[in-house]
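For reference, the structure is listed below as structure tokens.
The values are calculated or read from the model by the stated rules, or taken from the named source; none is laboratory data. Given the structure is predicted, the values throughout are model-derived calculations rather than measurements. Please note: Cβ atoms are built from the backbone with ideal geometry, for glycine as well, and neighbour counts cover all protein chains shown. Keep in mind that these areas ignore ligands, DNA and RNA; they rest on the heavy atoms of the full protein, side chains included. Shrake-Rupley method; radii C 1.70, N 1.55, O 1.52, S 1.80 Å.
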Amino acid sequence: MPLDPMPDWVPARRREIGERIRTVRRDAGLSQVELGERIGRDHKTVHRYETAISAPSLIDLLLIAHALDVPLAELVR
């Protein structure tokens, strides 16, 4: 059952995860378009993940970690 309202820490964690995705992507020298192509998503979706507008699914997190050659834990620690 979803929590309503969402606890305050959830949006903060989503922002942290988005920031990590952006940092690792940039460190890998990839644009949002390039990462999107690698994971089969539109660059706008990558942007929404990085800015915490939307939350990536577990599958998308796994795809992102694989595309960036980092352990999943590095993105969600």
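Would you compute, from DSSP H runs of 4+ residues alone, the mean residue ellipticity of the chain at 222 nm, taking -39500 (n - 2.57) per run and dividing by the full residue count, rounded to the nearest 500?
-19500 deg cm²/dmol
If I compute solvent accessible area with a 1.4 Å probe over the protein chains, what percent of it on the chain is carbon and sulfur? Don't skip to the answer; put the middle values down first.
Numbers: 2890 of 5140 Å².
For the chain, the apolar C and S fraction of the accessible surface comes to 56 percent.
For region 1-28, list residues with backbone N below 16 Å from a point placed 7 Å from the Cα of I53 toward its Cβ?
Backbone N within reach: 15, 18-19, 22.
Once the Cα gyration tensor of the chain is found, what semi-axes does its equivalent ellipsoid get, as square roots of 5 times the eigenvalues, in whole Å, sorted largest first?
22, 13, 11
Give me the accessible area per residue for the chain, probe 1.4 Å, as a whole number in Å².
Per-residue value: 67 Å².
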